[in-house]
Every structure is written in structure tokens, then in C-alpha cells.
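The values are calculated or read from the model by the stated rules, or taken from the named source; none is laboratory data. Not measured: the values here are computed from a predicted model. Every residue, glycine as well, gets a Cβ built from its backbone with ideal geometry; the counts of neighbours run over all protein chains shown.
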Amino acid sequence: MTDALLAESETATVVIQEGAASTLITLDEYINRALPYHLQKQLANASHTSTRWSFTQGLLIGQFSVIVVIIFFIKFFVFSETSSTNDALKDLKKAPVIAKKEVSSSSTDQEAQLKSINSILEKTYYNVETHSPESLDWFNVLIAQTINQFRQEALLSDNIVHSLNDFLEKTDLPDFLDKIRITELDIGDDYPIFSNCRIKKNPLNLSNLQAMIDVDLADTLTLGIETSLLLNKPKPLTAILPIQLSVSIVRFSGCLTVSLITVDDGDGVEAQGEDKPGKGTALMFSFAPDFRLEFSIKSLIGSRSKLENVPKIGNLVESQLKRWFIERCVEPRSQVIRLPNMWPRRKNVREPQVVGTATSLD
């Protein structure tokens with residue numbers, strides 16, 4: 001029976017239909033020849049269909065992506081950018097030219113000033129600890145030219161004497177003192193010498209720099225006056241004691257400290273010239289307590305029997321002059337002079353004068 005089944009399987013046939021024609025082949029031939037061909041054909045058809053579908057799908061996705069990108073570009077780069085640009089321009093118009101940093105407290109302000117001072121020293125290559133003192137020869141030349149011009153104007157116009165006389169006439173004098181008249185005025189012929197300049201940090205305010213300069217003046221600046229003591233008060237012109245006094249400054253030396261500070265109206269510093277009141281820059285200077293100030297004082301008292309160069313009068317005048325100077329210009333007191341506005345102005349412009357030469361035709 002087994003042999004019969006094997007014989008039947010070997011003789012099994014398969015009908016293959018291609019188009020209108022039909023072919024009868026055995027099972028072995030179908031497995032060996034026809035089946036691989038049909039499988040290859042089915043796989044080819046399937047791959048072609050998937051390829052067409054993948055291309056169509058990719059094309060649709062690509063077009064959709066392009067549309068989305070265009071929509072986002074129009075929305076965020078066209079419409080939104082225009083409005084933000086306008087807002088930025090409005091802010092720029094409202095904002096000041098120089099940006100101001102807001103500080104929350106005075107300590108923050110001092111820290112900002114200290115950083116600014118350190119930045120200045122770093123960018124100018126100046127070390128306050130190791131930098132050698134400067135001679136200031138160029139500054140001495142400029143100061144000498146200024147003083148020389150001042151002396152020439154004073155000699156030509158004699159305005160110093162007139163100004164002093166006007167000041168003395170308007171000054172309220174005691175009842176026992178007669179009118180004071182200027183008899184001698186010598187503004188000297190030498191110049192101060194500035195030297196040994198050092199830039200240091202202010203020990204009282206580390207966020208501020210100060211220049212310490214040695215000043216030396218060896219000259220003769222003389223002011224001579226004459227007046228009378230009215231000893232017969234309240235009856236005038238019955239007992240008068242004439243007095244002639246000449247005071248000369250022959251030597252001055254000391255350490256000058258100069259710094260720039262910021263002041264406002266609350267500091268009591270008046271604005272110079274036509275500058276508007278408000279916050280501004282001022283020059284502050286003072287002298288060290290170990291200054292040297294020497295006087296030469298000559299006095300003459302009486303009309304017939306005259307007393308000359310009384311030591312008591314000389315000591316009194318010298319002590320009063322030194323006291324006046326100490327109360328105004330010696331540390332810890334200082335003088336503050338508000339500087340004028342240095343910004344260029346049209347009214348301050350000076351143009352060279354062109355001298356035209358007239359030509360005549362003969």
C-alpha cells in the first residue's frame with residue numbers, strides 16, 4: 001500500500017493557467033520551476049507598490065512641512081518683528097543718550113564708584129602704591145604764563161588797586177578806625193613751583209582720587225595801607241593816631257591736596273557764571289597743617305614822634321592772617337569751587353580773524 005501512495009504522489013499533477021491557456025505539469029516541476037517564479041513576481045509587485053506609496057507619502061509630508069515653515073515665518077518674522085521694532089524705536093526715543101545705572105543703596109553706589117576708579121587706574125597704567133612722583137614742570141610753565149598775564153593786565157589797568165579801594169570803602173569799619181587807603185602794592189616777580197605730585201586714594205572716601213602736590217613760593221607780595229585811630233570817641237578830630245602798615249608774604253610752602261567731587265544745590269556751592277543750578281562737578285583743595293607761611297611786617301605809628309616796627313603789632317597781624325588762612329584752607333577744612341560747564345557751546349566759539357587787504361587800481 002505504501003508503494004501505491006508513493007506512486008500516486010509522483011504522478012500528482014498541477015494545472016497552471018496563464019491568461020487563456022492552461023498548462024498541466026507535475027508537482028515536482030511546479031515546486032522546482034513554477035513556484036519560485038510566482039514568488040519572485042509577487043515580491044516584485046509588492047515592492048513596486050510600497051515604493052510608489054513611500055514616494056507619494058514623502059511628497060505630501062514635504063509639501064506640508066514647507067507650508068508650516070512659511071506660515072511660521074510670516075507670523076513671527078514679518079508681523080511680530082515689525083511691532084517689536086517700532087516698540088524698540090519708541091523706547092530709544094524716550095531713553096536718554098547716556099545710560100544710567102540704577103543703584104539701590106549708597107553702599108552700592110560707593111562700590112560702583114570704587115570699580116570706576118579702579119578701572120581708570122588700570123586703563124591709565126597708574127599704580128597709586130608704586131608710581132613715582134611727577135615733577136609737574138609743564139604745569140609750572142602754564143601757571144607762570146597765567147600769572148604773568150595777570151600781572152601785565154594789573155600794571156596796565158591798575159585795576160587791583162581800584163578794586164581793593166572799592167572793597168575797603170564798602171566795608172563796615174569800627175567807629176574808632178578811620179578810612180583805610182592803599183599806599184603800596186607789589187604783586188611780585190617770581191612764580192610758584194609745583195612738584196612731587198602723587199595720586200592717592202582719599203583715606204576718608206576710597207572711591208575718590210586726590211592729587212597731593214608740594215608747593216613752594218619764594219617771592220615778595222606786599223600790601224601797604226594807612227589809616228588812623230580815632231582815640232577821642234565820641235568827639236571826632238581831636239585825638240588822632242596815624243598808622244602805616246606794610247605786610248609782605250616772603251615765603252610759603254606746603255602740601256596742596258586737590259580732588260574733583262560731585263556737588264548739588266544742597267551743598268551750598270554756588271554755580272559759576274550762567275550755569276544752571278543742579279548737580280555738577282567742583283574742585284576741592286586744601287593744605288596740610290604743616291604748612292610754612294612767613295611774613296615781613298613793617299609798622300609806623302604816630303605823626304611827630306613815630307614808633308617804627310613795633311613787635312606787638314607785627315605778632316598780632318601775623319597771628320590774625322594765619323588764623324584767617326587756617327579757618328578756610330587748612331585740613332580738615334577745604335575750599336570748594338564749582339567748575340563751569342565744560343561742554344562746547346556756540347557762544348564760546350572763537351574763529352580766527354581774517355584781515356582783508358584792500359587793493360586799489362591806479
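With the requirement that a residue be in contact (Cβ under 8 Å) with a residue 40 or more places away in the chain and more than 18 Å from residue 246 (Cα to Cα), what does the range 149-197 give you? Result: 175, 176, 191, 192, 193, 194, 195, 196, 197. For the range 171-180, the criterion of being assigned to a strand (DSSP E or B) and either at pLDDT below 90 or not β-branched (Val, Ile, Thr) (or both) is satisfied by at least one residue.
For the range 205-229, the set of residues classified as of a type in the set (Gly, Ala, Ser) and in contact with an Asp or Glu (Cβ under 9 Å, 6 or more places away or on another chain) consists of 207, 218, 224, 228, listed by residue number.
Just the residues that are part of a helix (DSSP H, G or I), assigned by the TED database to the domain that holds residue 218 and among the charged types (D, E, K, R), please, taken from the range 294-347.
Going residue by residue through the range 294-347, those that are part of a helix (DSSP H, G or I) are 311-329, 346-347.
After this cut, where a residue has to be assigned by the TED database to the domain that holds residue 218 as well, the list is 311-329.
Correct list: 312, 318, 322, 323, 327, 328.
Scanning the range 296-331 for residues that are in contact (Cβ under 8 Å) with a residue 40 or more places away in the chain and either surrounded by 14 or more Cβ atoms within 10 Å (Cβ to Cβ) or under 26 Å from residue 202 (Cα atoms) (or both) yields a count of 12.
Consider residue 184 carefully, then state whether it is in a strand (DSSP E or B) and either among the hydrophobic types (A, V, I, L, M, F, W, C) or in the same structural domain as residue 242 (by the TED database) (or both). In short, yes.
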